[in-house]
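Here is the structure we will look at, set down as structure tokens.
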Amino acid sequence: MDLINPITLQWIIVITFGLGLLWLSPRARTVDQFFKAATQNRQPGMLLLTSSLVISWIFAKSITNAANLGMSYGLLGGLAYAGYYLSFLVCGLVLFNLRVKGKFQSIHQFLEQKFGRKALVLFSVLIAIRLFNEVWSNTMVIGSYFGESGSWPYYGAVLAFTGLTLAYAIKGGLRSSLFTDAIQMVLFGVILFVILAMLLPDIAGGVGYVTQSSSWDSEGGINLVWVVLIQVFSYPFHDPVMTDRAFITDPHTTRKSFIWATVIGFICILLFSLVGVYAQNQGLQGDQAPVLVNRTLGVGMMLLMNTIMITSASSTLDSTFASFSKLAVVDWKNKITIANGRLAMVVLTVLGTIPVFLGPTILSATTISGTMVIGLAPVFLFWKRKAPPLSFLLAVSCGLLFGVLLAGGWYPKGLVFFSGPYADLLSANIVGTILSLLLYFIPVIAMRNK
């Protein structure tokens, strides 16, 4: 008989982890420390920035989605989701040029100067939606390790975890976020290695099974690969957790960090998808591959899986709070004080927790929001080309329309050109991207012909 109930052990981990980071996190005493993570005029170095980029983008929902896709589609599922990490490469190269050649100090400055205040407002709404989604979609994952969705243990874990993360984020803002990211990245790497060392030897068929675990056709999930390869040209630009970090150190250090983050992030997500491949190999049935695996392999695996989820979720959540406070206070040119930044974090926490009680699906937080912002691709890929404000409005509105159609189940069946899983998602992203490009460049051509 266990001396301590496994759920009690999980509670001990959550509380100890949260209080430990609260104790270790540095307190921000100046505006620059809170919003820019600057200390004594020193900027974050490449190692710190790279680890922060990677771990803040290895969301709890991301590794859960990667494992679930691995269980459904084998190695192909993991490759599909890992493809989102090419966003680092696209974002890093574009924003490097934006800073070096364009001399812009932020994305908001670029948009306001090129397209006007209305474009800035619309863009801010898009990234606010993104940050809002990050709260519920990550905390729901934590809750699933404590009880069934809708149960009191489930809600209690969500509220406790969110509250503890908010506490240390409020203490230091972006400075706390970067500091704790380094700790969380090391912890994540160690636990991932231990989990894979426990699972991989038990996969019947070994490496051969892993490499042959997928059907590389439309029925096998390859449609999602094409969706991701379309979305990476727009997806990163609506995520301030990523883009904010592109402006806090010198451009060349930033570019190196984004390139390394591409490689490390891709590998980490692909490796974690093997948890799902293991579940497939063992014939496990259910919705959450990590939960199924830890329930099958006992208390030790459960605690490891719980810890890796807490690590990834907290790193994302504290970054989300820091980015929203910057958006609400700095980017919107409100009274720039630490108090206002902390208030913004509290507001996002309350609003972002409400959907937990409504039962949304975590994969939709990525795929649907990714469709909603496909109109950002021409805005940033062709940032040097002169374009009127109407170009921005039409292209971005087009992406929003297609995202809403998918979210509501209203996308026309007659415009689905493929078969298999994600056929409607792929069709919508192709059609929406083509229309967004046309709508962006039509005003450009009209302006030239005047």
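What to note about this one:
- When Ser149 is tested against (1) at pLDDT 90 or above; (2) of a type in the set (Ser, Thr, Tyr); (3) surrounded by fewer than 22 Cβ atoms within 10 Å (Cβ to Cβ), only condition (1) is not met.
- Selected residue (criterion: farthest from the chain's Cα centre (by Cα)) from residues of the stretch 112-142 that are of a type in the set (Gly, Ala, Ser) and modelled with pLDDT of 90 or more: Gly116
- Matching residues in the stretch 405-450 - criterion: being polar (S, T, N, Q), over 23 Å from Tyr73 (Cβ atoms) and crowded, with 21+ Cβ neighbours inside 10 Å: Thr433, Ser436
- Checked against the criteria, Ala169 does not count as modelled with pLDDT of 90 or more, buried (at least 21 other Cβ atoms within 10 Å of the Cβ) and either basic (Lys, Arg) or closer than 30 Å to Tyr278 by Cβ (or both).
- Verdict on Phe161 being crowded, with 18+ Cβ neighbours inside 10 Å, at pLDDT below 90 and not hydroxyl-bearing (Ser, Thr, Tyr): no
- Subset of the stretch 384-404 (residues that are surrounded by fewer than 19 Cβ atoms within 10 Å (Cβ to Cβ) and either in a loop (DSSP other than H, G, I, E, B) or not small (Gly, Ala, Ser) (or both)): Lys384, Arg385, Lys386, Pro388, Pro389, Leu390, Leu401, Val404
- Leu348 being of a type in the set (A, V, I, L, M), in contact with a Lys or Arg (Cβ under 9 Å, 6 or more places away or on another chain), buried (at least 19 other Cβ atoms within 10 Å of the Cβ) and assigned to a helix (DSSP H, G or I): no
- For Tyr155: the one exception among (1) buried (at least 23 other Cβ atoms within 10 Å of the Cβ); (2) in a helix (DSSP H, G or I): (1)
- When restricted to residues that are crowded, with 20+ Cβ neighbours inside 10 Å and among the hydroxyl-bearing types (Ser, Thr, Tyr), the stretch 87-118 contains 1.
- Considering residues of the stretch 215-235 that are polar (S, T, N, Q) and closer than 30 Å to Leu93 by Cβ only, the residue surrounded by the most Cβ atoms within 10 Å (Cβ to Cβ): Ser234
- The residue of the stretch 295-336 that is nearest to Phe272 (Cα to Cα), among those that are of a type in the set (S, T, N, Q) and free of Cβ contacts under 8 Å to residues at least 24 places away in the same chain, is Thr296.
- Tally of residues being assigned to a loop (DSSP other than H, G, I, E, B) and touching a Ser or Thr at 6+ places or on another chain (Cβ under 9 Å) across the stretch 214-267: 7
The values are calculated or read from the model by the stated rules, or taken from the named source; none is laboratory data. This structure is a prediction, so every number in the text was calculated from the model and none was measured. Cβ: placed from backbone, ideal geometry, glycine included. Neighbour counts: every protein chain shown.
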